Ligand code: PHE
């Protein structure tokens, strides 16, 4: 018996020494002290031991169990400490390490200018209305006093989608949609994408426009110029001025083209304004009586003005961008420059 217990202790020690981690140690422990373990088996064999020897036998087995338990506990503590140390060193945070910077996006210059335009005109009481990009021929042309055979249709190279539908060539289509549904006073902005079959350094087949429309009693061209002056001063520089030149659009009468004094040379004349001191920024005019009639608004009672500007064009002037393509190429080196 003495020898047996000694052998079991040695065996357990040898196996426990081989356990690389607490999990392996636990398995060894179970092999000796578990329900099917060797020590437990000894206890189970007690029945075969002569009655007078049983107390001594039992005592021996219990001592054996205690010895092994103590040994396993000591080893387990050592392994657990080692494991904890390894875990802690693996999870260490070096607070002195430089952080990983996340590249932050910025608003696209077209979006910035669009937002700025909305801010400027919202300050004068305008509301925003957005019409569809796929329009009917009626809203884009006919209702705007440009019937099918009208030569002014050639002013804009249109992408037709069959007989009736087209990609809108101008946000002016939004004027009709608003006037059909709302009676004066009307003061709206209509921003959005427009499409024309046009492609060079200053034209792109898709660009953005901002339309403005005011209809009420006693609206005059002076109201238009006053608002555009305010727009030019806020968008370009406090000393910016505007001038109106006669022009032609079928849906306005009279029609004007609006120039802003060149912010780059202050009106003296430079390469940007081609020596004239002025830069053309938008088309505008008094809403044609026919257009008001088409929308069921009495032209003897109400008058209005409308204007339409290219957002890319304003962005190019404001930021000194010389090629419209830069605005659609999405080169981050370009876009990064428009940070607040
Ligand atoms: N729709 C015209 C264009 O795209 C601009 C415009 C708008 C002119 C409103 C007059 C009034 O060229």
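The values are calculated or read from the model by the stated rules, or taken from the named source; none is laboratory data. In this text the structure is predicted, and so the values were computed from the model without any measurement. Glycine gets a Cβ as well: all are built from the backbone with ideal geometry, and neighbour counts include every protein chain shown.
In table form, for the structure just shown:
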| quantity | calculated |
| --- | --- |
| Criterion: modelled with pLDDT under 95 and within 16 Å of the ligand (Cβ to nearest atom) - qualifying residue of 148, 152, 173, 143 | 152 |
| Candidates 43, 88, 107, filtered to the one that is at pLDDT 85 or above, in contact with a helix residue (DSSP H, G or I) (Cβ under 8 Å, 6 or more places away or on another chain) and on the phi < 0 side of the Ramachandran plot | 107 |
| Qualifying residue in the range 259-281 (condition: touching a residue at least 12 places away in the same chain (Cβ under 8 Å), within 16 Å of the ligand (Cβ to nearest atom), crowded, with 16+ Cβ neighbours inside 10 Å and over 38 Å from the mean Cα position of the chain (by Cα)) | no |
| So residue 132, is it outside any loop (DSSP other than H, G, I, E, B) and touching a residue at least 24 places away in the same chain (Cβ under 8 Å) | no |
| Condition broken by residue 311, with the remaining ones in (1) over 33 Å from the mean Cα position of the chain (by Cα); (2) buried (at least 18 other Cβ atoms within 10 Å of the Cβ) satisfied | (1) |
| Within the range 155-170, considering residues that are within 13 Å of the ligand (Cβ to nearest atom) and assigned to a loop (DSSP other than H, G, I, E, B), the one modelled with the lowest pLDDT | 156 |
| Some residue of the range 201-208 being within 12 Å of the ligand (Cβ to nearest atom), touching a strand residue (DSSP E or B) at 6+ places or on another chain (Cβ under 8 Å) and either in the same structural domain as residue 129 (by TED's automatic domain parsing) or modelled with pLDDT of 95 or more (or both) | yes |
| Number of the condition not met by residue 334 [criteria: (1) surrounded by 16 or more Cβ atoms within 10 Å (Cβ to Cβ); (2) within 23 Å of the chain's Cα centre (by Cα); (3) away from the ligand (no atom under 16 Å from the Cβ)] | (1) |
| Options 232, 201; residue that is in contact (Cβ under 8 Å) with a residue 12 or more places away in the chain and loosely packed, with under 15 Cβ neighbours inside 10 Å | 201 |
| Unique residue being closer than 20 Å to residue 304 by Cβ and within 11 Å of the ligand (Cβ to nearest atom) when the list is 242, 252 | 252 |
| Residue ID - surrounded by the fewest Cβ atoms within 10 Å (Cβ to Cβ), chosen from residues in the range 315-331 that are part of a helix (DSSP H, G or I) and within 23 Å of the chain's Cα centre (by Cα) | 329 |
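Yes/no per residue for (1) within 60 Å of the chain's Cα centre (by Cα); (2) outside the structural domain of residue 19 (by TED's automatic domain parsing); (3) without any contact (Cβ under 8 Å) to a residue 40 or more places away in the chain:
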site	(1), (2), (3)
42	no, no, yes
46	no, no, yes
51	no, no, yes
70	no, no, yes
75	yes, no, no
84	yes, no, yes
95	yes, yes, yes
